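One structure below.
The values are calculated or read from the model by the stated rules, or taken from the named source; none is laboratory data. Nothing here was measured: the structure is a model prediction, and the numbers come from that model. Cβ: placed from backbone, ideal geometry, glycine included. Neighbour counts: every protein chain shown. With ligands, DNA and RNA removed, areas are computed over all heavy atoms of the protein, side chains included. Shrake-Rupley method; radii C 1.70, N 1.55, O 1.52, S 1.80 Å.
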Amino acid sequence: MRVPKDYRQRSQSWTLSSPLCWAGRELKNRLQLAPMAGPGGLAFRRICEDWGAGLTITELVSARAIVYDPSFDHNARYLDISSLQGPATIQLFAFDPLDLKKAIPRLLNHPLYSQTACIDLNMGCPVKKVVKTGAGSALMKTPDLAARLVEAAVETALPYGKEVTVKFRSGWDQDHINAPYFAQRLEEAGASALALHARTREQMYSGQADWNIIGETACKVRIPLAANGDIQSWDDCHKLLDTYGADACMIGRAALGRPWIFAEILAADQKRPFQPPEGQAWADHIFRHYQLSAQALGPELAMREFRTSLSYYFKGLRGAAGFRRSLSSLTSQQDLEALLAEVVHANRSEQDG
């Protein structure tokens, strides 16, 4: 990958383990969990927080939906930050500034949701049902509207002492890469921190993230910029911060089935050994993940939805295909315990007998 020489240079006095001021809050490190729909729910966010993520972000929620759901009956599970111990951020998507002006006060007057570290605006979701409204990554085509949305959010959140951040993409497609200019507009509109997924909307989640766009964007802004896309290791994080000029690394899909990636990277950063959970420790971790999900959603719904998380945990294990086929038959906590015991037994090392 080409690495231009004009990327902004970072001080070598801090590392990934160093604190970071993000939207007016001090984060304990420079690793963040990217917002993800589906398996990225409250339980997963808590698990990643326990493994060292310095910031977690909710699944995206429609600002307009909050306007028409004042009691939060339909959105409570997506907004929930109740069991998180560290800084957590609520993420909204919108296409009308007025929706943000109405939704944000409802959130910040709520006893739980007012505890959000800041308000994050999603301008990167590539999903059709979001894009067709003009929200999500469709805003990459309308920087003026994106700036007005930020202005509205900043103005509305300010009396509550909350700042506004934005997550966006490198552009709409390969012929319209505009992240550096887009980031400038967001900063001018009042955003206090940014996260850039270095893929276009056209790419969705496929292909290679272009980190050069992160470097080019970092040169154009003075506020913190988190890098997102294809981050798998300490080496990736080190390169993004020291070579491409990012301030933080936001990890998404690499944490699915491997939430200890945060602890693994921080250990490497501090030159400490790290051993991922194996055997019964691995099973105990997964069972705790399920229990947290059951507390949030109830055992029946949690079990149905947890099958997706299990498929990620099984990746690369001996007999994974067969174990995945058995997921549809899981109906109870006892079924899960039995399956995990079977997986542990099938993957027992020769040294264990």
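Pairs 132/315; 102/162; 162/239; 28/162; 141/239; 128/220: which exceed 23 Å Cα-Cα?
Details: 132/315 34 Å; 102/162 15 Å; 162/239 31 Å; 28/162 19 Å; 141/239 29 Å; 128/220 30 Å.
Cα-Cα > 23 Å for 132/315; 162/239; 141/239; 128/220; rest within.
Which of the trypsin sites (Lys or Arg not before Pro) found in the stretch 308-345 are in a DSSP loop and have at most 15 neighbouring Cβ atoms, other than their own, within 10 Å? Numbers along the way, then the final one.
Values: sites: 315, 318, 324, 325; in loops: 315, 318.
Within the stretch 308-345, the qualifying trypsin sites (Lys or Arg not before Pro) (loop, at most 15 other Cβ atoms within 10 Å) are 315, 318.
Provide the percentage of antiparallel DSSP beta bridges, counting only those with both residues in the stretch 99-209; round to the nearest 5.
In the stretch 99-209, approximately 10 percent of DSSP beta bridges are antiparallel ones.
What accessible area per residue, rounded to a whole number of Å², is obtained for the stretch 258-352 using a probe radius of 1.4 Å?
57 Å²
Counting only protein heavy atoms and using a 1.4 Å probe, what share of the accessible area of the stretch 161-218 belongs to carbon plus sulfur, as a whole percent?
That share works out to 44 percent.
For the stretch 33-161, treating each Cα as an identical point scatterer without solvent, what Debye log10 I(q)/I(0) comes out at q = 0.15, 0.16, 0.17, 0.20 1/Å?
Here the Debye-derived log intensity ratios amount to -0.67, -0.76, -0.86, -1.18.
For the stretch 79-92, just list the computed ³J(HN,Hα) in residue order, Karplus coefficients 6.51, -1.76 and 1.60, θ = phi - 60°, integers in Hz, with x standing in for Gly and Pro.
8, 4, 10, 5, 9, 7, 9, x, x, 10, 10, 8, 10, 10
Add -39500 (n - 2.57) for each DSSP H run of 4 or more in the chain, then divide by its residues: what number comes out at 222 nm, to the nearest 500 deg cm²/dmol?
Values: 14 runs with 140 residues, N = 353.
Rounded to the nearest 500, the figure is -11500 deg cm²/dmol.
What is the Cα radius of gyration of the stretch 178-245 over 2.2 N^0.38 Å, N being its residue count? Please list the in-between numbers first.
On the way: Rg = 11.8 Å, N = 68, 2.2 N^0.38 = 10.9 Å.
Dividing the Cα Rg of the stretch 178-245 by 2.2 N^0.38 Å gives 1.08.
With only alpha-carbon pairs counted, each pair once and no self-pairs, how large is the Kirkwood hydrodynamic radius of the stretch 9-79 in angstroms?
14.1 Å
Kindly write out, for the stretch 320-330 in residue order, the coupling ³J(HN,Hα) from the Karplus curve 6.51 cos²θ - 1.76 cosθ + 1.60 (θ = phi - 60°), rounded to whole Hz, with x marking Gly and Pro.
Calculated HN-Hα couplings, in order: 4, 4, x, 5, 5, 5, 8, 5, 5, 8, 6 Hz.
Take the solvent-accessible surface of the protein heavy atoms, probe 1.4 Å, and return the percent of it on the stretch 235-310 that carbon and sulfur atoms account for.
The value for the stretch 235-310 is 49 percent carbon and sulfur by accessible area.
Could you pull out every residue, at least 5 positions away or on a different chain, whose amide H is within less than 5 Å of the one on residue 177? Hs are placed 1.01 Å off N in the peptide plane, and Pro or chain starts have none.
none
Which longest uninterrupted range of the chain lacks any chymotrypsin sites (Phe, Trp or Tyr not before Pro) assigned by DSSP to a loop state (not H, G, I, E or B) and surrounded by at most 11 other Cβ atoms within 10 Å? Provide the component values of the computation, followed by the final result.
Details: sites that count: 68, 205.
With chymotrypsin sites (Phe, Trp or Tyr not before Pro) excluded where exposed in loops, the chain gives 206-353 as its longest stretch.
Over the Cα atoms of the stretch 209-353, what radius of gyration and what Dmax do you get, in Å?
When restricted to the Cα atoms of the stretch 209-353, Rg and Dmax are 18.7, 58 Å.
Might you work out the accessible area of residue 142 for me, using a 1.4 Å probe with all protein chains in place, and round it to the nearest 10 Å²?
The value for residue 142 is about 60 Å².
Name the trypsin sites (Lys or Arg not before Pro) in the stretch 121-209 that are in a loop by DSSP and that have at most 11 other C-beta atoms within 10 Å, would you?
Sites meeting the loop and neighbour criteria: 132.
As a test, work out the antiparallel percent of DSSP beta bridges whose residues both lie in the chain, rounded to the nearest 5.
Working: 4 of 33 bridges.
Antiparallel bridges: around 10 percent, rounded to the nearest 5.
Which one, 269, 247, 175, has the greatest fluctuation when you compute a Gaussian network model over the chain with C-alpha springs under 10 angstrom?
175
P(r) for the stretch 119-164, please, calculated from all Cα pair distances in 10 Å bins and given in %.
P(r) over the stretch 119-164, rounded to whole percents: 30, 46, 23, 2.
Find, among the trypsin sites (Lys or Arg not before Pro) in the stretch 252-298, those assigned to loop by DSSP (not H, G, I, E, B) with at most 11 other beta-carbon atoms within 10 angstrom.
Answer by residue number: 271.
Taking springs between alpha-carbon atoms closer than 10 angstrom, which of 238, 289, 74 fluctuates most in the Gaussian network model of the chain?
Judging by the Gaussian network model, the answer is 74.
5 Å is the cut-off here: which amide hydrogens, built 1.01 Å from N in the peptide plane, fall below it relative to residue 193, excluding neighbours closer than 5 in sequence?
Amide H neighbours of residue 193: 166.
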